[in-house]
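For reference, the structure is listed below as C-alpha cells.
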Amino acid sequence: MSRLNSIMRRLAAQRDGLEWGHALVADVAGDYVDMGLGNGRTYDHLREIAPDRRIWVIDRILQCHPSCVPPEQDFLQGEAEEMLKKLAASGAKIVLAHYDFGFGEKEKDVAEAARLSPMIADCMAPGGVLISGQPLAGFEQVRGPETVAPDRYCFYRS
C-alpha cells in the first residue's frame, strides 16, 4: 500500500472512529480529550461533531493550524504523563478519548501507549470510549465501526 493510501486509510479510520464513539456516548454527561493535538484536524472534527462538549487537549507544544487552537483553559501543555495526572486531578469525567501521541517509531509508540495506559485509565469515566492509533493496555477492546479494518485502529471501553 502506498504511503498516500495508508494516510487516507488512517484519517478515515480516525473520522469514523470519532463519530462512532461520539454516538455511543451522546447521552452520557462528560468531557472529551484529544491526546496529541498536532495540526489540530482531530480536535477540529471533535468540535464539529460535539459542539456542546468540553474537549480537553494534551500536547507538548502548541503548533496547530491557527483555526484549531483550543481555549487556554482546555489546553494542557507538557509531557503526557504530567498532563494526564493533571487531568485526572482536575476531576474531569472523560467519556471519549482519542489517543494520538507518537514518536513515529512503531516499537517506541507501542511502548509509550502501554506505559501511559494506567494514567489514561485514571481519567476515564466507567464505560467511556477510547479511540487509538496504538494498542492500549488495561481496557476492554471492542469492535469499532464496520468501516474500519480491525488492524487499522484500536477501540476500547473503560
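The values are calculated or read from the model by the stated rules, or taken from the named source; none is laboratory data. Not measured: the values here are computed from a predicted model. Because the Cβ atoms are built from the backbone with ideal geometry, glycine has one as well, and the counts that use them run over all protein chains shown.
Quick notes on this structure:
- The one condition in (1) part of a loop (DSSP other than H, G, I, E, B); (2) without any contact (Cβ under 8 Å) to a residue 12 or more places away in the chain that Glu48 fails to fulfil: (1)
- Every pair of residues 6+ apart whose Cβ atoms lie under 8 Å, when the first sits in the stretch 1-13 and is closer than 19 Å to Asp100 by Cβ while the second is at pLDDT 95 or above and not in a loop (DSSP other than H, G, I, E, B): Leu11/Arg41
- Restricting Gly104, Gly91, Gly30 to residues that are surrounded by 13 or more Cβ atoms within 10 Å (Cβ to Cβ) and at positive phi narrows the list to Gly30.
Rundown of residues vs (1) β-branched (Val, Ile, Thr); (2) under 12 Å from the mean Cα position of the chain (by Cα); (3) under 26 Å from Leu24 (Cβ atoms), yes/no style:
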position	(1), (2), (3)
Ala50	no, no, yes
Leu62	no, no, no
Gly78	no, no, no
Ser90	no, no, yes
Val95	yes, yes, yes
His98	no, yes, yes
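- Qualifying residues in the stretch 123-156 (those that are more than 13 Å from the chain's Cα centre (by Cα) and within 10 Å of Leu96 (Cα to Cα)) - the one surrounded by the fewest Cβ atoms within 10 Å (Cβ to Cβ): Gly127
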